[in-house]
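Peer 1: Please read through the structure below; I'll follow up with questions.
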Amino acid sequence: MSSSTITPWVVGNWKMNPMQADAFQLIEEFKQLLQQQEIPSERCHIGVAPTLIALTNIQAQLKDANRTIFTVAQDLSKVSGTGAYTGEVSAELLRDSQIAFVLIGHSERRELFGDDAETVKAKLHNALNADLKVIYCVGESLEQREQGVAEQVVLQQICDIASVVKTEQWQNIVIAYEPIWAIGTGKTASPADAQAMHVKIREGLKQITTWGANIAILYGGSVKAENAVELAACPDINGALVGGASLNAQSFYQIASAFAQK
Ligand code: 13P
């Protein structure tokens with residue numbers, strides 16, 4: 001399978017946004033846009049990652065959309081199962097609420113909440129063993145890019161997880177390359193830079209797993225309606241993980257539409 005035959009993914013990471021009424025409005029508007037002009041599921045997978053407290057409400061609200069829209073958790077516990085772990089939500093609890101997708105290793109978790117490689121591995125192990133599908137985020141800082149070690153950092157983050165992913169579980173992984181300096185800054189990696197990193201990630205994945213050619217590699221970092229067409233045109237960019245622009249129904253729709261035409 002060449003990378004261009006991978007069905008693209010467009011996932012909105014809402015982060016710690018928005019308030020309930022705005023979330024409701026956002027989903028209603030997005031469903032209406034899809035009603036006016038369909039984006040067929042086979043052309044593009046679409047997902048939204050609301051806050052934990054909104055997950056099941058949003059999932060229920062998406063049920064009558066005219067196509068599948070996945071509800072994605074933004075994080076999960078490094079502890080599995082159930083038990084006396086105040087404040088935590090495990091992979092099994094997500095699965096029990098029919099949440100089938102989770103983001104792991106987002107740079108905001110790594111940088112602000114202490115998710116080091118060991119924690120990320122534990123979360124990934126739990127998610128995959130509970131049959132969740134994982135969007136695994138990788139990306140370098142500006143300093144690392146300027147030092148010329150961006151590739152090394154990103155490939156290390158991929159290698160970090162190789163020991164916990166069983167052969168058949170690679171099918172349940174999507175990679176999101178999100179250069180930290182491009183997140184929420186308005187600075188997008190140039191399509192050429194993003195494409196170059198995606199090629200390296202693909203090469204790395206192929207060395208680790210026979211499934212490597214089939215894994216979707218998304219780009220994230222200031223993706224907007226205005227740059228989506230150009231990013232979607234890059235052969236090895238198989239979709240987008242969208243922050244800020246996913247909070248606007250029209251922008252998110254346009255981004256999904258751009259990738260659906262890939
Ligand atoms: P922005 O699109 O706001 O830069 O955020 C990207 C991101 O972190 C998605 O996970």
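The values are calculated or read from the model by the stated rules, or taken from the named source; none is laboratory data. None of the values given here were measured: they were computed from a predicted structure. With ideal geometry, Cβ positions are generated from the backbone for all residues, glycine too; neighbour counts draw on all protein chains shown. Please note that ligands, DNA and RNA were not included when accessible areas were found on the heavy atoms of the full protein model with its side chains. Shrake-Rupley method; radii C 1.70, N 1.55, O 1.52, S 1.80 Å.
Peer 1: Those residues that are among the charged types (D, E, K, R) and either within 21 Å of V120 (Cβ to Cβ) or open to solvent by less than 40 Å² (accessible area, probe 1.4 Å) (or both), I need them from the stretch 52-87; list them, please.
Peer 2: R67, D75, K78
Peer 1: Any residue in the stretch 6-34 that is surrounded by 13 or more Cβ atoms within 10 Å (Cβ to Cβ) sitting within a Cβ distance under 6 Å of a residue that is of a type in the set (K, R)? List the pairs, counting only those 6 or more apart or interchain.
Peer 2: Close Cβ pairs (under 6 Å, with a partner that is of a type in the set (K, R)) amount to P8/K262.
Peer 1: Is it the case that some residue within the stretch 154-175 is open to solvent by less than 20 Å² (accessible area, probe 1.4 Å), within 15 Å of A117 (Cβ to Cβ) and among the small types (G, A, S)?
Peer 2: no
Peer 1: Being assigned to a loop (DSSP other than H, G, I, E, B), acidic (D, E) and surrounded by fewer than 22 Cβ atoms within 10 Å (Cβ to Cβ) is the filter here, so list the residues in the stretch 116-153 that pass it.
Peer 2: If the condition is that a residue be assigned to a loop (DSSP other than H, G, I, E, B), acidic (D, E) and surrounded by fewer than 22 Cβ atoms within 10 Å (Cβ to Cβ), then D116, D131 are the ones that fit.
Peer 1: Please find, within the stretch 112-163, the residue that is farthest from I208 (Cα to Cα) out of those that are among the β-branched types (V, I, T) and free of Cβ contacts under 8 Å to residues at least 40 places away in the same chain.
Peer 2: So the residue we want is V149.
Peer 1: Answer with yes or no whether T68 is within 23 Å of G244 (Cα to Cα) and over 18 Å from the mean Cα position of the chain (by Cα).
Peer 2: For T68, the condition - within 23 Å of G244 (Cα to Cα) and over 18 Å from the mean Cα position of the chain (by Cα) - is not met.
Peer 1: Name the residue, out of A256, A213, A189, A240, that is in contact (Cβ under 8 Å) with a residue 24 or more places away in the chain and in a loop (DSSP other than H, G, I, E, B).
Peer 2: A189
Peer 1: How many of the residues in the stretch 245-261 are over 8 Å from A225 (Cβ atoms), open to solvent by 20 Å² or more (accessible area, probe 1.4 Å) and among the small types (G, A, S)?
Peer 2: Number of matching residues: 1.
Peer 1: Would you mention how many residues in the stretch 230-262 are at pLDDT 95 or above and away from the ligand (no atom under 16 Å from the Cβ)?
Peer 2: So the answer is 7.
Peer 1: Any idea which of (1) more than 16 Å from the ligand (Cβ to nearest atom); (2) part of a helix (DSSP H, G or I); (3) more than 15 Å from G105 (Cβ to Cβ) is the one A194 doesn't satisfy?
Peer 2: (1)
Peer 1: Looking only at the stretch 216-237, count how many residues are over 17 Å from the mean Cα position of the chain (by Cα), part of a helix (DSSP H, G or I) and not polar (S, T, N, Q).
Peer 2: Total meeting the criteria: 4.
Peer 1: Note down all Cβ pairs under 9 Å where the first residue falls in the stretch 43-69 and is of a type outside the set (G, A, S), the second is modelled with pLDDT under 95, and they're at least six residues apart or on different chains.
Peer 2: Note: pairs meeting the criteria are R43/K262; C44/K262.
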